[in-house]
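Colleague: Take this structure, written in structure tokens, and hold onto it; I'll ask about it next.
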Amino acid sequence: MKIGCHLSSSGGYLAMAQTAVSIGANVFQFFTRNPRGGAAKPVDKADVAAFCSYAAENGIGPILAHAPYTLNAAGAEARVREFAEATMLDDLRRLELTPGAMYNFHPGSHVGQGAEKGIELVTGMLSRIFAAFGKAPSTAVLFETMSGKGSELGRDFEEIRELLDRTEALAPAETRPVLGVCLDTCHVWDGGYDIVGDLDGVLAEFDRVVGLNRLKAIHMNDSMNPLGAHKDRHEKIGKGHIGLEAFRRIVNHPKLAGLPFYLETPCDLQGYKEEIALVSSLAENS
Ligand code: FE
Ligand code: FE
Ligand code: ZN
């Protein structure tokens with residue numbers, strides 16, 4: 001199975017891949033820059049080249065780049081939206097250097113403008129970014145399913161579908177990257193989808209509303225809160241309200257076979273190493 005965790009990008013790409021191998025991971029996620037925003041370090045081409053050959057030799061990937069979580073493409077202020085747009089464009093340009101990477105982002109918060117307005121802002125922004133790119137980005141762009149805290153967009157599968165459809169309607173096919181979804185287990189649980197009691201039903205619902213062919217990655221997190229809490233507090237696997245048996249069903253579900261799983265639990269590296277071993281032990285044929 002493809003399993004890994006969120007890693008610090010402070011040492012560069014090769015260091016992340018080496019760290020991944022040292023903890024038993026074959027995929028990893030990282031922030032494209034300081035998660036609070038700000039300027040990214042210039043890309044070190046030698047580091048990227050060393051990473052690419054190391055990743056190929058060690059079977060690492062796909063890697064998942066996570067946009068800074070403070071970006072808000074649906075913000076009420078032009079300054080906030082412009083910052084999100086410039087940052088995502090820059091992130092996608094940099095990711096052209098690491099083929100096969102995927103890019104995940106939080107759709108945004110409409111901050112009282114209403115979901116309709118928020119979705120209009122986000123999808124408009126994506127279409128401008130793709131138009132400015134000069135060609136279709138080779139990095140798949142994933143909308144993350146959100147817990148629905150505050151005014152978050154992507155709080156249910158219908159909003160995710162709306163984001164996908166309207167981005168496609170605005171951005172001509174020849175400008176678009178692959179558009180997909182990253183399903184966060186803590187977020188959908190907190191959003192009210194009962195992946196503990198009815199995983200089959202939730203996945204059937206996802207397939208009906210969004211399409212399982214759109215699902216490209218799983219964020220694997222337990223939750224500190226009960227079903228439908230709309231809180232978004234990640235817990236270690238097996239220590240929260242989702243629980244180990246649900247994760248056993250998740251990693252073995254035929255509809256999720258082959259997808260990469262990324263842990264974003266409150267763990268240090270040693271904790272992630274143990275959690276990767278735990279999750280791997282749940283898989284029936286890994
Ligand atoms: Fe996220
Ligand atoms: Fe997540
Ligand atoms: Zn979260």
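Colleague: Taking segment 155-170, which residues are in a loop (DSSP other than H, G, I, E, B) and either basic (K, R) or in contact with a Lys or Arg (Cβ under 9 Å, 6 or more places away or on another chain) (or both)? Outline the logic, then answer.
Modeller: Residues of segment 155-170 that are in a loop (DSSP other than H, G, I, E, B), as a first pass: 155-156.
Within segment 155-170, R155 is the sole residue that qualifies.
Colleague: Then there is this: Could you list all residues from segment 95-114 that are surrounded by fewer than 20 Cβ atoms within 10 Å (Cβ to Cβ) and either over 16 Å from the mean Cα position of the chain (by Cα) or among the basic types (K, R) (or both)?
Modeller: Selection gives E96, L97, T98, P99, V111, G112, Q113, G114.
Colleague: Return yes when V181 is outside any loop (DSSP other than H, G, I, E, B), within 16 Å of ligand 3 (Cβ to nearest atom) and either open to solvent by 10 Å² or more (accessible area, probe 1.4 Å) or at negative phi (or both) and no when it is not.
Modeller: Judged against the criteria, V181 is a match.
Colleague: Do you know which of the residues in segment 226-239 that are within 14 Å of ligand 2 (Cβ to nearest atom) and part of a loop (DSSP other than H, G, I, E, B) is least open to solvent (accessible area, probe 1.4 Å)? Talk me through it step by step, then tell me what you get.
Modeller: Within segment 226-239, the subset within 14 Å of ligand 2 (Cβ to nearest atom) is 231-235, 237.
In the following step, the residues that additionally are part of a loop (DSSP other than H, G, I, E, B) were identified as 231-233, 237.
On the way: K231: 110, D232: 30, R233: 131, I237: 8 Å².
Checking each candidate, the answer is I237.
Colleague: Considering each of G112, G108, G118, G124 in turn, give the residue that is within 18 Å of T32 (Cα to Cα) and either at pLDDT 95 or above or hydrophobic (A, V, I, L, M, F, W, C) (or both).
Modeller: On the way: G112 fails: within 18 Å of T32 (Cα to Cα); G118 fails: within 18 Å of T32 (Cα to Cα); G124 fails: within 18 Å of T32 (Cα to Cα).
Going through G112, G108, G118, G124 in turn, the sole match is G108.
Colleague: Can you pull out the residues in segment 64-82 that are out of contact with any Leu (no Cβ under 7 Å at 6 or more places or on another chain) and open to solvent by 10 Å² or more (accessible area, probe 1.4 Å)?
Modeller: At the first step, the residues of segment 64-82 found to be out of contact with any Leu (no Cβ under 7 Å at 6 or more places or on another chain) are 64, 66-72, 75-80, 82.
Y69, T70, L71, N72, A76, E77, A78, R79, V80, E82 - these are the residues of segment 64-82 that are out of contact with any Leu (no Cβ under 7 Å at 6 or more places or on another chain) and open to solvent by 10 Å² or more (accessible area, probe 1.4 Å).
Colleague: Could you list all residues from segment 35-49 that are assigned to a helix (DSSP H, G or I) and hydrophobic (A, V, I, L, M, F, W, C)? Step through it out loud before you land on a result.
Modeller: First, the residues of segment 35-49 that are assigned to a helix (DSSP H, G or I): 45-49.
Scanning segment 35-49 gives A46, V48, A49.
Colleague: Let me ask something additional. Take the residues in segment 254-267 that are farther than 21 Å from D232 by Cβ and open to solvent by 20 Å² or more (accessible area, probe 1.4 Å), then tell me which one is nearest to ligand 2 (Cβ to nearest atom).
Modeller: My answer is L259.
The values are calculated or read from the model by the stated rules, or taken from the named source; none is laboratory data. Note that the structure is a prediction, hence the values are computed from the model and not measured. Methodologically, a virtual Cβ is constructed for each residue, glycine included, from the backbone with ideal geometry; neighbour enumeration extends over all protein chains shown. SASA here: full protein model, heavy atoms, side chains in, ligands and nucleic acids out. Shrake-Rupley method; radii C 1.70, N 1.55, O 1.52, S 1.80 Å.
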